[in-house]
Amino acid sequence: MSQIAAGSAAIRGGGASPLRWWVLVLAAIAVSSSYYESDVIGPIADLLHRQRGFGQSQLGMLNGVISIPNVALALLNGILIDRFGPARVALWSAAIGVLGAALTALGSPYPLMVLGRFIFGISEGAIFIALVAALAQWFSRSGIALATALYLSLARVGSYAVDTSTAWAHPLYERGWQAPLWLGTAVTVAGFAAAALFYRLDRRQRPGARSDDRRARERVDWAGVLRFDRSYWYILGLHVLYAAVFFPFRTTYAIEYFQHVKGLTLQQAGLANSWVFFAAIFATPFFGLLADRIGHRALMLVFGALLLPVTFIVLGLTNLNLWVSTVMMGISFSLVPAVIWPATTLIVEPRRLGTALGLITLIQALGMAASNLAAGWIADMTGAGADNPGGYAGMLWFFFLLSLTALASALLLWRRERSPEGHGLEVAVG
């Protein structure tokens with residue numbers, strides 16, 4: 001397998017550096033702060049209703065507007081990462097995030113608040129992929145899956161922290177809607193400090209940083225921007241299709257479905273849904289370590305993707321306890337992200353990794369939006385609701401069929417990676 005040899009030769013020079021774990025900590029702090037600010041509107045939604053008279057559409061705008069830059073700028077962000085280096089782009093993104101958070105916290109008039117969220121969206125869309133690309137420069141092929149899995153797990157701590165901030169920062173919420181937003185701004189400042197330390201460490205201590213700086217001054221080859229091999233396109237398809245099933249169902253429709261079809265209360269439905277995300281914080285690093293130790297990354301992705309259609313079969317066609325489907329989807333959500341992001345860094349050559357991740361982010365955002373709209377349209381057409389639980393069947397069939405296409409992408413990737421044209425994803429290097 002010539003590609004395996006090439007991949008082994010491309011092991012990042014910083015992989016053996018003892019500083020790589022400090023780099024991981026700084027990256028996790030930076031991205032976790034971004035996750036915190038991203039979800040900061042949810043806990044103060046009721047305060048904004050009562051104290052400022054915001055309607056549902058205004059709240060929806062505050063959450064929805066941060067996705068717009070991600071669609072418009074994702075590919076450009078990737079090209080900038082390849083051009084100027086991931087650590088530098090992460091620093092720029094963190095600074096933009098502080099500005100957006102501060103304008104959101106000022107909060108009046110309402111258009112200023114929307115502008116702040118839009119500016120923050122520019123940061124959120126770039127910092128995640130910039131730090132993934134940066135970790136790929138610091139960790140070797142034998143450790144990148146565990147590093148990325150830990151990065152993803154720690155990032156979700158930001159979302160958990162903002163959801164629980166109503167308890168640990170209760171005095172701030174008693175002061176009204178604005179104080180929690182200034183807390184969010186302080187969190188983004190901490191993220192910026194971590195990104196600045198990351199950039200300083202990367203510039204001074206990472207082996208190969210000087211040669212990367214020289215390469216960054218080279219002109220972008222626009223004609224070859226999207227020239228990737230088939231393994232990349234297969235894994236891109238899995239990225240997009242998996243996200244288009246998992247996130248729309250779990251974040252938009254699952255709680256309502258559990259209430260109307262399974263007869264759960266709002267609290268029970270929320271608990272069942274939350275365990276998928278909570279368990280992923282702890283299980284994701286396990287699957288990352290497993291991928292590093294045993295290889296078989298594409299096969300692991302096949303198994304993770306297979307759990308999705310099986311989950312919808314269990315939900316729609318059986319009366320099994322709801323926790324059966326929750327456990328299956330939790331395993332899937334822990335396994336697939338733990339493997340797919342580091343596998344992507346192994347498939348794509350380092351100098352083009354930013355562009356590759358940016359393209360994935362762009363199409364993934366479009367796919368999730370389209371899936372959300374399609375599922376909602378189907379539910380409306382079939383009259384799904386508390387008075388018509390059977391109306392949800394059409395939506396479940398939609399997610400089932402979409403998850404089968406995700407599985408097909410995983411199978412195609414596994415088939416190619418077992419061939420001489422593979423990149424060594426199935427080889428254990430730990």
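Values for this structure:
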{"item": "Rg over Rh [alpha-carbon atoms, Kirkwood Rh] for segment 33-78", "result": "1.10"}
{"item": "Cα convex hull of segment 311-430, projected area averaged across orientations, nm²", "result": "9.6 nm²"}
{"item": "Prolate/oblate/rounded call for segment 229-273, Cα gyration tensor, a/c under 1.5 rounded", "result": "prolate"}
{"item": "Least to most buried among T104, T344 (fewest other Cβ within 10 Å first)", "result": "T344, T104"}
{"item": "Segment 83-157 shape via C-alpha gyration tensor axes, a/c threshold 1.5", "result": "prolate"}
{"item": "Cβ-placed point charges (K, R +1; D, E -1), dipole of segment 230-417 about Cα centre in debye, nearest 20", "result": "560 debye"}
{"item": "Highest-MSF residue in the chain out of S409, S325, S153 [GNM, Cα springs under 10 Å]", "result": "S325"}
{"item": "Charge dipole (debye, nearest 20) of the chain; +1 at Cβ of Lys and Arg, -1 at Cβ of Asp and Glu", "result": "1240 debye"}
{"item": "Gain upon complete extension [Y110, W21; 0.36 nm per residue less C-alpha separation]", "result": "27.9 nm"}
{"item": "Alpha-carbon Rg with Dmax, taken over segment 230-417, Å", "result": "16.7, 55"}
{"item": "Part-to-part distance (alpha-carbon centres) for segment 164-193 and segment 377-399, which is given in Å", "result": "38 Å"}
{"item": "Candidates L154, L76, L264: whichever shows maximal mean-square fluctuation once the chain is modelled as a Gaussian network with Cα springs under 10 Å", "result": "L264"}
{"item": "For G385, residues with placed amide H under 5 Å, excluding near neighbours", "result": "G391, Y392"}
{"item": "Relative contact order (percent, whole number), the chain, Cα cutoff 8 Å, 6+ residue spacing", "result": "27 percent"}
{"item": "Farthest toward positive dipole pole in segment 230-417 [+1 Lys/Arg, -1 Asp/Glu at C-beta], among G288, A384, F278", "result": "G288"}
{"item": "Taking N as its residue count, the alpha carbon Rg of segment 57-125 over 2.2 N^0.38 Å", "result": "1.15"}
{"item": "Shape call, the chain: gyration tensor on alpha carbons, a/c limit 1.5", "result": "oblate"}
{"item": "Residue among P111, L146, L201 farthest towards the positive dipole end of the chain, charges placed on Cβ", "result": "L201"}
{"item": "Cα centre as origin, Lys/Arg/Asp/Glu Cβ charges: segment 18-218 dipole, Debye", "result": "680 debye"}
{"item": "GNM flexibility winner over the chain from I127, I294, I81 (Cα, springs under 10 Å)", "result": "I294"}
{"item": "For peptides 236-247, 107-118, sequence by mean Cβ density within 10 Å, most packed first", "result": "236-247, 107-118"}
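Each value in this text was obtained by applying a stated rule to the coordinates, not by laboratory testing. This one's a predicted model, so the numbers in the text were calculated from it and none came from an experiment. Virtual Cβ from ideal backbone geometry, glycine too; neighbours counted across all protein chains shown.
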